[in-house]
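The values are calculated or read from the model by the stated rules, or taken from the named source; none is laboratory data. If you're wondering where the values come from, they're calculated on a predicted model, not measured in any experiment. Every residue, glycine as well, gets a Cβ built from its backbone with ideal geometry; the counts of neighbours run over all protein chains shown. Ligands, DNA and RNA are excluded from the accessible area calculation, which covers all protein heavy atoms including side chains. Shrake-Rupley method; radii C 1.70, N 1.55, O 1.52, S 1.80 Å.
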Amino acid sequence: MSNRRTFAIISHPDAGKTTLTEKLLLQGGAIHLAGQVKARGAARRARSDWMKIEQQRGISVTSSVMTFEKAMDNGETITFNLLDTPGHEDFSEDTYRTLTAVDSAIMVIDAAKGIEPQTRKLFEVCRMRSVPIITFVNKVDREGRPVFETLDEVADALALDVVPMSWPVGMGGQFQGVLDLATNTISRPEGDSREFLGKVEEAPALPDDIAEEIELAQAGYPEFDIEAYRHGDLTPVYFGSALKNFGVAELIDAIAKFAPPPRPQPSEAGTIEPDNKEVTGFIFKVQANMDPMHRDRIAFMRLVSGTFKRGMKLTPSGLGKPIAVHSPILFFAQDREIADSAEPGDIIGIPNHGTLRVGDTLSEANKVRFTGLPNFAPEILRRVALKDPTKTKQLRKALDDLSEEGVIQVFYPEIGAQWIVGVVGQLQLEVLISRLEAEYKVEAMLEPAPFDTARWLKGSDTALKGFADFNKSNLAKDRDGDPVFLARSAWDVNYQQERNPELTFSATKER
Ligand code: G4P
């Protein structure tokens, strides 16, 4: 049984993801001072030019990996790989893709706010990929909403069974501690450790309403069922305060105990199990130009099977010939190190000069092709206009590169010369303009496009041709030359779908 747990934290901005990340790393002994995650982020951001946007807005556009270990009570040492997802509202495909590389997720909810739109969106992506969720209701040291209401909301909004594993004993000013529903023990933060207040029935005079609430809680919810959790039908809920480092140890225990070990990955020729001997993995993210002086890129690979050894030769599916991986990077909370070996579930960074693309499979024998790494239909479409029309070639190269990297998607319409870029979040457009200028010396402007969304088309050649005859002005090709329907509205998509049942209009595309 693998001792790896690879997970992400999903939340709405301000729910406490950064604070919780710091406390998780702190508990794992990976950092010694809270606040270092932010500090390290600032140092990293300062390094590269285009990340100015991040600095200006005080956000992190790019996601990274943090690895830490913890010895559990049963003597086992668990390696946790925490994949950070950007926490801003305009999240990009990067966020979605990161979720293709995890086995489980923690959903952080602000006790006062409940489930917010971004959380729900990320949750939907997790559900699509059957990524099981542990819920952490944060900030119980502040005034929150009634606990029952919060749990009902999670259950209703996400159509999930909820099983509280703990219960806040009072919230806000009344907050006394957290009750562990399995052991029936109340404890509360006391400096860096915790003070046990004893069994609930012995606890010093609980106010009547709280005592009554706890009685109801103990009787009112089903037992935790690990299979239902792992299937994504149930979420265990923990209450705590990231700021006060409370409930965090329980959360780590829960990931160690319940969260699934590295999952098998679907491939064109069947499922690849993690205990398969051959080393295989896939690229879920490429971060380019971390050093603006050298066009370097780091491709993030999730190892699916086999034991990776430094110097090993792997063949990227997009390249067809092997590359030797001499300086793979492992990411620790404070530092990066050259990795000598890695196990399924681990993430390694592979420096390269553009040979590795998001969605690539890497393998020893070059036979496996992983599936299930989608492109998402863009929600914002813009026309790209050049300030200097002689730079068409450079622009095309840049758009191809950046779409490979997953910064944007590009569509080349069948009619007309103006290319269209599609993004999931507004911020990607700013990144695009600034990188076009900084890295490709191309000054471009974005203009409104008469389209609202895009769908990948699939069907027989005859069906596609029949459709094209009537809809040429709405057709484009993507980076790979695959046909795309540019729609004026969601209504337009539905309408065409009904009229053309022999075609599929897909909102995602396998890479
Ligand atoms: P994010 O990454 O999800 O955006 O959230 P972040 O951790 O930055 O937390 C957002 C704000 O909520 C921060 O306050 C943080 O201190 C506070 N916070 C996080 N967890 C808790 C908690 O358990 N209890 C309470 N009371 N507050 C919490 P801020 O004032 O916006 O930022 P800062 O000045 O503390 O950096």
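Things to note:
- In Hz, Karplus ³J(HN,Hα) per residue of region 449-461 (6.51, -1.76, 1.60; θ = phi - 60°; x = Gly, Pro): 10, x, 10, 10, 7, 9, 9, 6, 9, 9, x, 5, 4
- Heavy-atom accessible surface of residue 383, to the nearest 10 Å², is about 80 Å², with a 1.4 Å probe and all protein chains retained.
- Positive minus negative residues near residue 472 (Lys, Arg vs Asp, Glu; Cβ under 12 Å): -1
- Residues with amide H under 5 Å from that of residue 449, placed H, sequence gap 5 or more: 383
- In the full protein context, region 374-510 carries 48 Å² of accessible surface per residue, based on a 1.4 Å probe and ignoring ligands, DNA and RNA.
- Three-way shape call for region 374-510 based on the alpha-carbon gyration tensor, with the a/c threshold at 1.5: prolate
- Annotation: residue 410 carries an accessible surface of approximately 0 Å², with a 1.4 Å probe and no ligand, DNA or RNA atoms counted.
- Sorting 152, 388 on solvent-accessible area from highest to lowest, probe radius 1.4 Å, gives 152, 388.
- Calculated from backbone phi, Karplus (6.51, -1.76, 1.60) coupling profile of region 127-137 in Hz, x at Gly/Pro: 5, 4, 9, 6, 8, x, 10, 9, 9, 10, 8
- Loop sites in region 460-511: GluC sites (Glu not before Pro), DSSP, at most 12 other Cβ within 10 Å: 502
- Solvent-accessible surface of protein heavy atoms, probed at 1.4 angstrom with all chains present, puts 323, 186 in the order 323, 186, largest first.
- When each of 391/472; 277/367; 121/367; 23/139; 367/393 is checked by Cα-Cα distance, pairs over 24 Å: 391/472; 121/367; 367/393
- Karplus-derived 3J(HN,Hα) values for region 238-245, using 6.51 cos²θ - 1.76 cosθ + 1.60 with θ = phi - 60°, are 10, 10, x, 9, 5, 4, 8, 6 Hz; glycine and proline are entered as x.
- Partner aspartates and glutamates for residue 458 [C-alpha distance under 16 Å; skip if fewer than 8 residues away on the same chain]: 469, 478, 480, 482, 498, 502, 510
- Normalising the average separation of contacting C-alpha pairs (under 8 angstrom, six or more residues apart) by the number of residues puts the relative contact order of region 440-511 at 42 percent.
- Summarising the amide proton neighbourhood of residue 243: residues at separation of 5 or more, or on other chains, whose placed amide H is nearer than 5 Å comprise 139.
- Heavy atoms of residue 248 accessible to a 1.4 Å probe, total area in Å² rounded to 10: 0
- Within a straight-line Cα-Cα reach of under 18 Å, residue 113 can be paired with the following aspartates and glutamates, leaving aside sequence neighbours fewer than 8 residues apart in one chain: 14, 89, 141, 143, 149, 152, 153, 156.
- Under 17 Å from the Cα of residue 257 - lysines, other chains or at least 8 residues apart: 70
- Most to least accessible of 419, 456 (protein chains only, probe 1.4 Å): 419, 456
- Residues with amide H under 5 Å from that of residue 276, placed H, sequence gap 5 or more: 306
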